[in-house]
Each structure stands twice: as C-alpha cells, then as structure tokens.
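Participant: Just dropping this structure here.
The values are calculated or read from the model by the stated rules, or taken from the named source; none is laboratory data. What you are looking at is a predicted structure, and each value in this text was computed from that prediction instead of being measured. We place every Cβ from the backbone using ideal geometry, glycine too, and count neighbours over all the protein chains shown.
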Amino acid sequence: MTIIITTERLQLRTLTTDDAAFYLALVNDPSFIENIRDKGIRTLDEARTDIINGPMTSQEKIGFSLYMVERKEDAQPIGLCGLIKRETLKNVDIGYALLPQFTGQGYAKEAASATLEYANKHLRITKLAGITSPENSASNKLLQSLGFQLEAVVVLEGESRDTNLYGYKF
C-alpha cells in the first residue's frame, strides 16, 4: 500500500486485496449500481480478483489507477477516486465513487480536485475525460464544478445506455 495523494482531510492510496470487504460493499451499493454499473461482484474472492485485475494491475503497468479514499483523521475508507484508462475512451478518465454516508460533505470534490492536480503535475496528462450517466445530477454537477466541459452524449462500447462524456484540458 502506497499513499499517492494527500489533501487537507483525505489520503488516496493504492488498493490491496485487504480492501476486498470495503470494495465489495461499495460496488454493491445501490447508488453505485444505479449510477455506475453492476460489476456482478458478489463475493470477497471476486472482489479480491477484481482489485488485482483492475487497480493493482493498472498501477503496476501504467502508473496510475483507482485509489482508496480514506479520511486522514481515522483512516476510515470512504470511497474510490483515481484515473482509469479504458479501451472505449480516447483519453484517461477520472473516476470516483463514495459510500452514501460520505456524500454531500465535499469529499468527492476534494479527492477529484487533488486527482486532477496529480494527473497534470506528476503524470503530465494534458487532457482527461469524465463520464457519468445523464441522470446522475450530483456527478454531472461535480465534473462541471471542476471545469469539465460536456462534449457529447454517447453510448459506450458494451453499454446500452446514454453516457455524458466530459473533457478537461489542463
């Protein structure tokens, strides 16, 4: 486990298989399923496998991934935030998800803002994407407040619903 980003209230660190219980709870939260997607992960073993094949492999191979977002004060895991390189998108995209009890407190904006800065200053990324479902008003508002511009409404490969595609240029 490596701390990648720190902010006033949060730290973002690499995921490990020890995070499987939290990950399982997050990806099965009804708001995650509704606003992001149902990943079909139902057991701790499936969660561990997804962490290994997703964030851990991404971090090792390309130097960035989704990170565990924890409160500094008590190391309480509250969600995920980071960068994802998807086959279906031209640019790296920012991703985030918090458990519902931690929304509405500015944590997502704090983590996402720090992730933008990290992407530009440390990874030298010049353009990012952001994707949300059109109905996810909180996420759409967050991306816009960070300076993302809506570029198109698309249907991503392998998906059947509309997705708002945002862009951010440094």
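Participant: Looking only at residues in the stretch 36-56 that are crowded, with 16+ Cβ neighbours inside 10 Å and among the aliphatic types (A, V, I, L, M), which one is farthest from GLU135 (Cα to Cα)?
Facilitator: Among those residues, the one meeting the criterion is MET56.
Participant: Can you tell me which residue within the stretch 118-152, out of those that are polar (S, T, N, Q) and assigned to a loop (DSSP other than H, G, I, E, B), is farthest from PHE64 (Cα to Cα)?
Facilitator: For the stretch 118-152, the residue satisfying everything is ASN136.
Participant: Tell me whether the stretch 37-53 contains one or more residues that are outside any helix (DSSP H, G or I) and touching a Gly at 6+ places or on another chain (Cβ under 6 Å).
Facilitator: No - not one qualifying residue is present in the stretch 37-53.
Participant: Of all residues in the stretch 62-77, count the ones that are polar (S, T, N, Q) and buried (at least 23 other Cβ atoms within 10 Å of the Cβ).
Facilitator: Of the residues in the stretch 62-77, 1 are polar (S, T, N, Q) and buried (at least 23 other Cβ atoms within 10 Å of the Cβ).
For every residue, the table says whether it meets (1) within 20 Å of MET56 (Cα to Cα); (2) at pLDDT 95 or above; (3) in contact with a helix residue (DSSP H, G or I) (Cβ under 7 Å, 6 or more places away or on another chain).
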residue	(1), (2), (3)
ILE78	yes, yes, yes
TYR96	yes, yes, yes
GLN101	no, yes, no
ALA112	yes, yes, yes
LYS121	no, yes, no
ALA129	no, yes, no
ALA138	no, no, no
GLY167	no, yes, no
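Participant: Follow-up question, since we're still on this one. Kindly indicate whether GLN59 is surrounded by 15 or more Cβ atoms within 10 Å (Cβ to Cβ) and in a strand (DSSP E or B).
Facilitator: Taking the combined requirement at face value, the residue does not satisfy it.
Participant: Could you tell me which numbered condition GLU135 fails, if it satisfies all but one of (1) of a type in the set (Asp, Glu); (2) surrounded by 13 or more Cβ atoms within 10 Å (Cβ to Cβ); (3) under 20 Å from PRO30 (Cβ atoms)?
Facilitator: Single failed check for GLU135: (2).
Participant: Name, by its number, the condition in (1) part of a strand (DSSP E or B); (2) surrounded by fewer than 20 Cβ atoms within 10 Å (Cβ to Cβ); (3) of a type outside the set (A, V, I, L, M); (4) free of Cβ contacts under 8 Å to residues at least 60 places away in the same chain that does not hold for ARG161.
Facilitator: Only one criterion in (1) part of a strand (DSSP E or B); (2) surrounded by fewer than 20 Cβ atoms within 10 Å (Cβ to Cβ); (3) of a type outside the set (A, V, I, L, M); (4) free of Cβ contacts under 8 Å to residues at least 60 places away in the same chain is unmet by ARG161, namely (1).
Participant: Follow-up. Of all residues being in contact (Cβ under 8 Å) with a residue 12 or more places away in the chain and among the charged types (D, E, K, R) in the stretch 68-82, which is farthest from ILE5 (Cα to Cα)? Just the residue, please.
Facilitator: Checked the stretch 68-82; the qualifying residue farthest from ILE5 (Cα to Cα) is GLU73.
Participant: I've got another one for you. Here's a check for you: in the stretch 98-130, which residue that is out of contact with any Gly (no Cβ under 8 Å at 6 or more places or on another chain) and more than 22 Å from GLU8 (Cβ to Cβ) is surrounded by the fewest Cβ atoms within 10 Å (Cβ to Cβ)?
Facilitator: The extreme case among them is ARG124.
Participant: Quick one: which of ASN35, ASN91 is out of contact with any Lys or Arg (no Cβ under 9 Å at 6 or more places or on another chain) and not small (Gly, Ala, Ser)?
Facilitator: ASN35
Participant: Of all residues in the stretch 98-117, how many are in a loop (DSSP other than H, G, I, E, B) and of a type in the set (Phe, Trp, Tyr)?
Facilitator: 0
Participant: Another question, if that's okay. Considering only the stretch 1-22, how many residues are buried (at least 18 other Cβ atoms within 10 Å of the Cβ) and among the aliphatic types (A, V, I, L, M)?
Facilitator: Of the residues in the stretch 1-22, 6 are buried (at least 18 other Cβ atoms within 10 Å of the Cβ) and among the aliphatic types (A, V, I, L, M).
Participant: Could you list, in sequence order, the residues of the stretch 1-22 that are part of a helix (DSSP H, G or I), touching a residue at least 24 places away in the same chain (Cβ under 8 Å) and under 13 Å from MET56 (Cα atoms)?
Facilitator: Within the stretch 1-22, THR17, ASP19, ALA20 meet the criteria.
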